[in-house]
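Below is one structure; the comments refer to it alone.
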Amino acid sequence: PGWMSVSLSSRSYKKRWTTIPMGDLIDILEIDEHNMTIRVEPYVSVGQLTEALLPRGLILPVVPELDDLTVGGLIMGTGIESSSHKYGLFHEICLEYELCLADGRVVVATADNEYADLFGAIPYSYGTLAL
């Protein structure tokens with residue numbers, strides 16, 4: 001994959017962690033053309049989104065250069081290669097996050113609900129706060 005060319009460093013420290021399988025979360029759940037929103041699972045790639053949106057005459061406001069990057073990775077990571085002078089970084093075009101907290105609760109965080117602090121903290125958190 002193209003993302004492998006970004007860094008050659010080994011991530012061996014991750015082998016000591018307990019992993020949570022999320023690789024099946026690869027679906028685009030909804031494209032709402034009326035509200036101009038998309039609901040996706042975290043492993044949806046930029047390539048999948050582009051392929052689904054272009055035939056509709058649509059495109060994301062922030063499009064990373066690498067099609068293999070995932071929505072979850074762009075939000076939880078640093079959003080590499082994904083900035084726009086008009087819209088900012090990838091996470092800045094997100095309206096809400098449905099998250100699984102460490103205690104097992106699933107919450108929806110937005111910029112103006114009771115989980116607003118979590119909404120603001122999720123970008124760059126690398127999955128340490130919620131999944």
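The values are calculated or read from the model by the stated rules, or taken from the named source; none is laboratory data. These numbers come from a predicted model, not from an experiment. For accessibility, only protein heavy atoms count, side chains too; no ligands or nucleic acids. Shrake-Rupley method; radii C 1.70, N 1.55, O 1.52, S 1.80 Å.
Descriptive notes on the structure:
- Sulfur and carbon atoms: percent of accessible area, the chain [1.4 Å]: 55 percent
- Solvent exposure of the chain amounts to 68 Å² per residue of accessible area, where only protein heavy atoms count and the probe is 1.4 Å.
- Along each principal axis, taking the top coordinate minus the bottom one, the Cα set of the chain gives 45, 39, 29 Å in descending order.
- Across the range 50-97, Cα pairs under 8 Å and at least six residues apart give a relative contact order of 34 percent.
- Accessible-area order (highest first, 1.4 angstrom probe) of the listed residues S84, S12: S12, S84
- Cα gyration tensor category, rounded, prolate or oblate, for the range 69-131 with a/c compared to 1.5: oblate
- Computed [θ] at 222 nm, deg cm²/dmol, the chain (DSSP H ≥ 4; -39,500 (n - 2.57); rounded to nearest 500): -3500 deg cm²/dmol
- The chain, relative contact order in percent, only Cα pairs under 8 angstrom and at least six apart counted: 17 percent
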